1. Taking only the C-alpha atoms, wrap a convex hull around the range 90-237 and report its volume per residue in Å³ as a whole number.
2. How high is the relative contact order of the range 159-250, given as a whole-number percent (alpha carbon pairs under 8 Å, six or more residues apart)?
3. Take the chain, connect every pair of alpha-carbon atoms lying under 10 Å apart with a spring to form a Gaussian network, then pick out the residue of K16, K96, K86 with the largest mean-square fluctuation.
4. By average Cβ neighbour count within 10 Å, what is the ranking of 199-211, 107-119 from highest down?
5. Which semi-axis lengths, in whole Å and largest first, follow from the square roots of five times the eigenvalues of the Cα gyration tensor of the chain?
6. Enumerate the calculated ³J(HN,Hα) couplings along the range 159-164 in order (Karplus 6.51 cos²θ - 1.76 cosθ + 1.60, θ = phi - 60°), each rounded to whole Hz, writing x wherever the residue is Gly or Pro.
7. Report, largest value first, the span of the C-alpha coordinates of the range 208-250 along each principal axis, in whole Å.
8. Work from the charge dipole of the range 1-114 (Cβ charges, +1 for Lys and Arg, -1 for Asp and Glu, about the Cα centre) and give the residue of I49, M73, V110 farthest towards its positive end.
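The values are calculated or read from the model by the stated rules, or taken from the named source; none is laboratory data. Treat the numbers as computed from the prediction; the structure is a model and nothing was measured. Please note: Cβ atoms are built from the backbone with ideal geometry, for glycine as well, and neighbour counts cover all protein chains shown. Surface areas here come from the heavy atoms of the whole protein model, side chains and all, with no ligands, DNA or RNA. Shrake-Rupley method; radii C 1.70, N 1.55, O 1.52, S 1.80 Å.
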Amino acid sequence: MVIHHHFMYLEFSGLKRCLYKFSESLFLKTSKYILTPSPYIKDLIKAKIKKEAILCPIPFTHHKETAIHNTKMGNLLYVGTIEERKGLKYIIQALKILKQEHIPAELKIVGKIANHKYYADLQLEISKHDLNVNFFGYVSTTQLEELYSNADAFVFPSLLEGFGMAINEAMTYGLPVIAFNNSAMPYSVNENNGILVDNKDYHGLASAIKKLILNRELRNELSKGAAEYSRTLTTHDKFHDNAINILNTL
């Protein structure tokens, strides 16, 4: 039995991509059972490996939807690792556009540094254009809850996700999500709870952020939609029962 989160070969190019694709495909094809927490990966496995995977969705804690009300306009939040795959440079490009248009926006970035050169390049660009961006690194659960609760919107410009756990977690706080339309993102984000932008389009990213900042009625409607969507996510109790049932069946 294999638990498969995402296809790693999609992160690479050239020979490394070919080697990963071959080894991952061979491993999955020779597995008797494949479990995945993601409906996106379940669909990919069926398309690429021609096998049916068993879906066992990740559980989430449901929070009070404090983000629906009393948030600071333009207070943006990103949670995730700091590396090239996460597309943070596109947020920085979008913030440069918003600053030129005098749109009030600030960004809080939470997560460990996985690529120090990438982090240094981001810091250089932020300093050069005097952007309102703060890195928090790793924070406690209490701090993270506070950041989610006080955010106006969640911006997640990742270029590849197997599931997109961060965007689902953000919606448990009633946060509307702005993300690129790629990989797993459209499986969670839709017109009722956020805005999907063409992949790597930082102009579109800036426009989406601007729309939520200036149109408070839209922002609050998407916030309510995010909270409603989050109530459809698996709880810890349901996850426990589902996992036990799957293992007993196997």
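1. Measuring per residue, one finds 114 Å³ for the Cα hull of the range 90-237.
2. 30 percent
3. Fluctuation is largest for K16.
4. The packing order, highest mean first, is 199-211, 107-119.
5. So the three semi-axes of the chain are 32, 23, 15 Å.
6. For the range 159-164, the Karplus curve yields 8, 7, 9, x, 9, x Hz.
7. Principal axes ranked by extent give 52, 15, 11 Å for the Cα atoms.
8. So the residue furthest toward the plus end is I49.
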